[in-house]
Amino acid sequence: MNLRHIEVFHAVYQNGSVMSAAQTLNVSQPSVSKVLAHAESKLGFPLFRRLRGRLVPTDEAHVLFREISELHGRMQSIHKTAKNLKGGVTSYLRLAVLPALGLAAAPEAVARLCQAYPTANIDIQTLHHDDILRSLMERDSDLAIGYDAPAHPRLQSVEIGRGELVVLFRKDGLPNPAPRISLSTLRGKSFITLANSGPVGNLYSSETMGLELDLKERISVRTFYVAAGLVKSGAGVAVIDEYTARASLTPELDFRPVHPAISFGVHAIYLVDRPPSRLGSAFVSSLSDILRRTQPTAANAA
């Protein structure tokens, strides 16, 4: 299949008819039918069968669609980049950030970037730690922001800030909290644990294992803001990163840093052979300033 075959097949698969596909591609129906027929001839098997006025994908088409979806997305990205270049947009940045940093810190940094580079085009997505390597290797993103860099020879990272683990709780469930909270004092509380949530979750697990704590872990989550929502709903207390805690504060919620302090780094991560562009470097600098401004945790939590 050539690129034109892929484009037409994707449109027909998505729309379910030649007419709708033609409208999406802004071409004539005979043109779509001709390209589709040519693709099926080259492949040696049908891609669609007609059923009650609609084109229904064959089993082979379903398999093929899964394979070409990513390629089609890259084609769309190329079209968008070319359009931006024609329109005078000379800077394009694809960002991938952890959900915790996507709540407040990263959006503020992006807003600053847009003010400094009014013609820039920025794409931002959130992803979990385990998806960082894939996102960079598959060129879904140019730059990732995470709490640690996956171990891989093609990745480079630089620490741009630091944070701490904090206990997030409802004020009515933990009156008169100390400036810092020892996890051992929370025995008997219902805990929302960060199972399989990446480097920060591993820090929490290591601490509880080292202290030989037998905490009442009723709910496990993989996303920090989900843990914050559960705390707000009264499901228990949670140990999460300070950035999610700050972004999630309401009149009912409060947080305190853990004692002894459990800290982690915030890293800008990129491929060794694709270092940050000028726009990417500006974003990293802006985000670093924002992260430094929020320190120290203890002062903000008190």
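The values are calculated or read from the model by the stated rules, or taken from the named source; none is laboratory data. In this text the structure is predicted, and so the values were computed from the model without any measurement. Every residue, glycine among them, receives a Cβ derived from its backbone with ideal geometry; neighbour counts consider all protein chains shown.
Among the numbered criteria (1) under 35 Å from the mean Cα position of the chain (by Cα); (2) surrounded by 13 or more Cβ atoms within 10 Å (Cβ to Cβ), which one does Ala39 miss?
The number of the failed condition is (1).
Within segment 251-288, which residues are basic (Lys, Arg) and surrounded by fewer than 20 Cβ atoms within 10 Å (Cβ to Cβ)? Steps first, answer last, please.
As a first pass, look at segment 251-288 and keep what is basic (Lys, Arg): 256, 274, 278.
Once the filter is applied, which keeps residues that are basic (Lys, Arg) and surrounded by fewer than 20 Cβ atoms within 10 Å (Cβ to Cβ), segment 251-288 yields Arg274, Arg278.
Return the pair list, or none, for Cβ contacts closer than 9 Å from residues in segment 36-62 that are acidic (Asp, Glu) to residues that are modelled with pLDDT of 90 or more, at least 6 apart or on different chains.
Glu40/Pro46; Glu40/Leu47; Glu40/Phe48; Glu60/Leu43; Glu60/Phe45; Glu60/Pro46; Glu60/Leu47
List every residue pair whose Cβ atoms lie under 9 Å apart, where the two residues are 6 or more positions apart in sequence or sit on different chains, the first residue falls within segment 262-282 and is more than 29 Å from Leu203 (Cβ to Cβ), and the second residue, located anywhere, is of a type in the set (S, T, N, Q).
Between residues of segment 262-282 that are more than 29 Å from Leu203 (Cβ to Cβ) and residues that are of a type in the set (S, T, N, Q), the close pairs are Ser277/Ser91; Arg278/Ser91; Leu279/Ser91.
Based on this model, can you work out whether Leu55 counts as part of a helix (DSSP H, G or I) and either surrounded by 11 or more Cβ atoms within 10 Å (Cβ to Cβ) or modelled with pLDDT of 90 or more (or both)?
On the way: part of a helix (DSSP H, G or I): no; either surrounded by 11 or more Cβ atoms within 10 Å (Cβ to Cβ) or modelled with pLDDT of 90 or more (or both): yes.
It is false that Leu55 is part of a helix (DSSP H, G or I) and either surrounded by 11 or more Cβ atoms within 10 Å (Cβ to Cβ) or modelled with pLDDT of 90 or more (or both).
Considering only segment 238-245, I want to know if a residue exists there that is in contact (Cβ under 8 Å) with a residue 24 or more places away in the chain and surrounded by fewer than 23 Cβ atoms within 10 Å (Cβ to Cβ).
Among the residues of segment 238-245, not one is in contact (Cβ under 8 Å) with a residue 24 or more places away in the chain and surrounded by fewer than 23 Cβ atoms within 10 Å (Cβ to Cβ), which makes the answer no.
Are there helices (runs of 4 or more DSSP H) fully within segment 91-199 with at least 2 residues that are touching a residue at least 60 places away in the same chain (Cβ under 8 Å), buried (at least 21 other Cβ atoms within 10 Å of the Cβ) and out of contact with any helix residue (DSSP H, G or I) (no Cβ under 7 Å at 6 or more places or on another chain)? List them.
Numbers: elements: 99-102, 105-116, 132-137.
Filter on segment 91-199 gives 132-137.
Kindly provide the set of residues from segment 1-16 that are in contact (Cβ under 8 Å) with a residue 24 or more places away in the chain and either aliphatic (A, V, I, L, M) or more than 16 Å from Arg49 (Cβ to Cβ) (or both), ordered by number.
Scanning segment 1-16 gives Met1, Leu3, Arg4, His5, Ile6, Glu7, Val8, His10, Val12.
For (1) at pLDDT below 90; (2) over 14 Å from Ser286 (Cβ atoms); (3) among the charged types (D, E, K, R), each residue gets a yes or a no:
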{"site": "Gly88", "(1), (2), (3)": "yes, yes, no"}
{"site": "Tyr92", "(1), (2), (3)": "yes, yes, no"}
{"site": "Ala106", "(1), (2), (3)": "no, no, no"}
{"site": "Gln125", "(1), (2), (3)": "no, yes, no"}
{"site": "Met137", "(1), (2), (3)": "yes, yes, no"}
{"site": "Asp148", "(1), (2), (3)": "yes, yes, yes"}
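Just checking: which of the strands (runs of 3 or more DSSP E) contained wholly in segment 202-302 hold 1 or more residues that are modelled with pLDDT of 95 or more and either outside the structural domain of Ala144 (by TED's automatic domain parsing) or within 23 Å of Ile124 (Cβ to Cβ) (or both)?
In segment 202-302, the matching strands (runs of 3 or more DSSP E) lie at 253-259, 263-271.
In the list Gly73, Gly44, which residue meets the criterion of being on the phi > 0 side of the Ramachandran plot and exposed (fewer than 15 other Cβ atoms within 10 Å of the Cβ)?
Of the residues listed, the single one that is on the phi > 0 side of the Ramachandran plot and exposed (fewer than 15 other Cβ atoms within 10 Å of the Cβ) is Gly44.
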